[in-house]
Amino acid sequence: MRQPDNATSHRPRLPSGWRRSALRLPILLFRAGLGPVFGRRFLLLHHTGRVTGADRHVALEVVAHDPAEVSWTVASGFGPKADWYRNLRHRPQTIVQVGNRHYAVDAVFLTPGEGAKVMAAYAVRHPRTARRLCAFMGLAVDGSAASFQEAGTSIPFVRLDSSGQHMH
């Protein structure tokens with residue numbers, strides 16, 4: 001299912017006001033030591049501002065987790081211009097917090113073909129959430145594996161690879 005050119009370029013507007021505050025709530029919960037309430041579904045990504053050099057944090061949904069390779073894959077729902085995504089492009093070595101454990105990771109930016117596979121697998125595990133993510137991003141899906149694969153080619157995915165050693 002081919003997306004119209006304008007659909008793939010559409011990205012949601014960054015939140016402001018109370019929506020921004022609501023999206024930042026998980027960061028506060030992670031900082032308060034309540035990371036385990038998110039299980040393995042969310043992680044806290046530490047990143048460094050590419051302009052300011054300041055420490056930044058963002059809570060992201062884990063789209064895929066590979067316990068054998070100790071890696072987590074996340075998606076940029078706001079596209080490649082999201083600050084955290086751009087910051088990782090500038091400095092791909094960073095730290096993630098999963099539960100209350102911290103891991104040193106290297107960011108690997110997935111190709112559109114890899115993104116297609118990630119999105120198709122995610123849609124099998126979480127069909128309603130996958131539909132909502134695609135709708136949020138302005139990507140039309142009909143529920144078929146092919147439509148989720150096509151949508152996945154337009155979503156910036158990042159795999160966060162760890163050596164497996166958690167930090168104290």
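Any residue at all in segment 116-139 that's surrounded by 15 or more Cβ atoms within 10 Å (Cβ to Cβ), touching a strand residue (DSSP E or B) at 6+ places or on another chain (Cβ under 6 Å) and either of a type in the set (G, A, S) or without any contact (Cβ under 8 Å) to a residue 12 or more places away in the chain (or both)?
Initially, segment 116-139 is screened for residues surrounded by 15 or more Cβ atoms within 10 Å (Cβ to Cβ), giving 116-123, 126, 130-131, 133-134, 137-139.
Pick out the ones that are also touching a strand residue (DSSP E or B) at 6+ places or on another chain (Cβ under 6 Å) and you get 118, 122.
Going one step further and asking which of them are either of a type in the set (G, A, S) or without any contact (Cβ under 8 Å) to a residue 12 or more places away in the chain (or both), we end up with none.
There is no residue in segment 116-139 that is surrounded by 15 or more Cβ atoms within 10 Å (Cβ to Cβ), touching a strand residue (DSSP E or B) at 6+ places or on another chain (Cβ under 6 Å) and either of a type in the set (G, A, S) or without any contact (Cβ under 8 Å) to a residue 12 or more places away in the chain (or both).
For segment 87-110, which residues satisfy the criterion of being in contact with a strand residue (DSSP E or B) (Cβ under 9 Å, 6 or more places away or on another chain), open to solvent by 70 Å² or more (accessible area, probe 1.4 Å) and not in a strand (DSSP E or B)? Of everything in segment 87-110, those that are in contact with a strand residue (DSSP E or B) (Cβ under 9 Å, 6 or more places away or on another chain), open to solvent by 70 Å² or more (accessible area, probe 1.4 Å) and not in a strand (DSSP E or B) turn out to be R89, H90, R91. Hey, among the residues in segment 151-168 that are out of contact with any Ser or Thr (no Cβ under 6 Å at 6 or more places or on another chain) and open to solvent by 40 Å² or more (accessible area, probe 1.4 Å), which one's modelled with the highest pLDDT? Here the answer is T153.
Restricting to segment 64-86, and then to whatever is part of a helix (DSSP H, G or I) and over 11 Å from the mean Cα position of the chain (by Cα), can you tell me which residue is farthest from F109 (Cα to Cα)?
Restricting to residues being part of a helix (DSSP H, G or I) and over 11 Å from the mean Cα position of the chain (by Cα), the top hit is D83.
Among the residues here, G35 qualifies as open to solvent by less than 30 Å² (accessible area, probe 1.4 Å) and either farther than 23 Å from L139 by Cα or free of Cβ contacts under 8 Å to residues at least 24 places away in the same chain (or both). Looking at P67, is it without any contact (Cβ under 8 Å) to a residue 24 or more places away in the chain and either touching a Phe, Trp or Tyr at 6+ places or on another chain (Cβ under 7 Å) or open to solvent by 30 Å² or more (accessible area, probe 1.4 Å) (or both)? Spelling it out, P67 is indeed without any contact (Cβ under 8 Å) to a residue 24 or more places away in the chain and either touching a Phe, Trp or Tyr at 6+ places or on another chain (Cβ under 7 Å) or open to solvent by 30 Å² or more (accessible area, probe 1.4 Å) (or both).
The values are calculated or read from the model by the stated rules, or taken from the named source; none is laboratory data. Remember, predicted model here, so these are calculated numbers, not experimental data. For neighbour counting, all protein chains shown are included, and Cβ atoms are generated from backbone atoms with ideal geometry for every residue, glycine included. To get the accessible areas, we keep the full protein, side chains included, count just its heavy atoms, and leave off ligands, DNA and RNA. Shrake-Rupley method; radii C 1.70, N 1.55, O 1.52, S 1.80 Å.
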